[in-house]
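Please treat every number below as a calculation from the coordinates, not as lab data. Computed from a predicted model, the values in this text were never measured in an experiment. Here Cβ is always computed from backbone atoms with ideal geometry, including for glycine, and neighbour counts include all displayed protein chains.
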Amino acid sequence: MAYKIKLLVLGPVATNCYLLYNEDTKESLIVDPADRADVIEQFINDKQLHLKAILLTHGHFDHIGAASQLCETYNIKIYGHKSEEDVISNPQINLSSVMGRTQLSLHLDEKLEDKQNLNLIGLNIHVIHTPGHTAGGVCYYIASEGILFSGDTLFACSVGRTDFPGGSSSMLTAAIRDKLFVLPDDTKVFTGHGEQTSIKYEKMYNPFIN
């Protein structure tokens, strides 16, 4: 497989930040640049990658902390669901103001729709709107690679919190059941926190859905 995934666990709540890159072309994108832009840039420079885009699964502070600096350094765009604009722009809603950190206020360059297909770094990336953790939460499915970036929607044997602004337990579980559990069983799930899992495993063992 020409594509590789580098996991960086960054920030105050150990957020999973993923760099997806093509070893041949060196083109790359980043999913949820959580924090420590310097660490991310070091990996990009060491591998001589060409960063093309930032994909956000949602707009909470622990998933967007390095986005602004990366945009400035590499002149790239931020992609996220259209319903998440208020979250990433408002420090109260994205929780950066209540966590005692730098207040974060960003904007989306590309506002995504449910079921939209993105063509980036030679891949077809399918956008799946999965509200519940936040109103504009999304997962990114890449069928050709058999992978899903689930953000804080789906975890290994768990699901995202729904007690933040815009959260809904019923919407979250419905999105997982109706939109994620219909994906192929062998789909690898790269989560926003914690361990990697698979659709098959979660269908069998996730106590919040079953």
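Any residue in segment 129-140 that is polar (S, T, N, Q) and farther than 24 Å from LYS111 by Cβ? The answer is no; no qualifying residue exists.
Restricted to segment 128-159, and to residues there that are among the polar types (S, T, N, Q) and under 12 Å from the mean Cα position of the chain (by Cα), the residue that is surrounded by the most Cβ atoms within 10 Å (Cβ to Cβ) is SER150. Of the listed requirements (1) under 24 Å from ALA34 (Cα atoms); (2) hydroxyl-bearing (Ser, Thr, Tyr); (3) surrounded by fewer than 16 Cβ atoms within 10 Å (Cβ to Cβ), THR162 misses just one: (3). Of the residues contained in segment 167-182, none is found to be under 20 Å from LEU55 (Cα atoms) and surrounded by fewer than 15 Cβ atoms within 10 Å (Cβ to Cβ).
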